[in-house]
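Asker: Sharing a structure below in structure tokens format, with a few things to ask.
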Amino acid sequence: MNSDKPFVLDFDLLSGLCKSERVKPKYRYASDMRDQFLDKNAADMAIKAGNPLLYEFYGLDLPERDNVLQFGTTKIYPGKIGSEYYMTKGHFHTLLDTSEIYYCLRGHGIMMMETPEGDVDYREMLPGDAIYVPGRWAHRSINTGATPFVMFFVYRADAGHDYGTIEEKGFRRLVVEKNGKPVVTQNPKWL
Ligand code: S6P
Ligand code: ZN
């Protein structure tokens, strides 16, 4: 597509969906996320019981250049694997210094973040909240609500995604349900 001409896209506030063929969907099912959850038995049970779709995200087919901004939406469905809420895989940007902005359109969740040095931060996200995720901070979106959690994102198109570091041990903190409420706990793999 020609990225040098202005264009308008219409993202639905409730579903996060954009009807344009320029927006390419990606889907992650329980089987794609098995090793990200602490409770592997619960993940295996969910996979056997129908392998639910945990989240989908849509971005544009734009050139991965430093002068281009990539944008789109992420939609995380409500649910849990064991006591952990459905969440995105999470990543550092390959160009570690590149930042990202998320704007919550719908639902209720947490943006979990950490740096390679071990600084941790997490922020509750509600409709109307915009979060600035600075460069160097890995980020994961977690749906702690009962409805889809939908966010709009923007980042430098050549930022790239480093999933490997997070895949090894996960984030330093987990978000689990205790007595019906989300609680942030220490990931035992980091103890
Ligand atoms: C990309 C941006 C989002 C995520 C999406 C899915 O930099 O942060 O588009 O890709 O939320 O998360 P993940 O961790 O599976 O890529
Ligand atoms: Zn990102």
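The values are calculated or read from the model by the stated rules, or taken from the named source; none is laboratory data. Computed from a predicted model, the values in this text were never measured in an experiment. Don't worry about glycine lacking a Cβ; one is built from the backbone with ideal geometry, like all the others, and counts go over all protein chains shown. Remember, those area values only see protein heavy atoms, side chains included, never the ligands or the DNA or RNA. Shrake-Rupley method; radii C 1.70, N 1.55, O 1.52, S 1.80 Å.
Asker: For segment 67-106, give me the residue count where each residue is closer than 25 Å to ALA30 by Cα, open to solvent by 50 Å² or more (accessible area, probe 1.4 Å) and among the hydrophobic types (A, V, I, L, M, F, W, C).
Answerer: Residues meeting the conditions: 0.
Asker: Does ASP44 satisfy being open to solvent by less than 60 Å² (accessible area, probe 1.4 Å), acidic (Asp, Glu) and away from ligand 1 (no atom under 15 Å from the Cβ)?
Answerer: yes
Asker: Please go through segment 1-20 and pick out each residue that is open to solvent by 60 Å² or more (accessible area, probe 1.4 Å) and either within 18 Å of LYS75 (Cβ to Cβ) or within 16 Å of ligand 1 (Cβ to nearest atom) (or both).
Answerer: ASP10, ASP12, LEU13, LEU14, LEU17, LYS19
Asker: Another question, if that's okay. In segment 64-106, how many are of a type in the set (Ser, Thr, Tyr) and either part of a strand (DSSP E or B) or closer than 23 Å to LYS189 by Cα (or both)?
Answerer: 8
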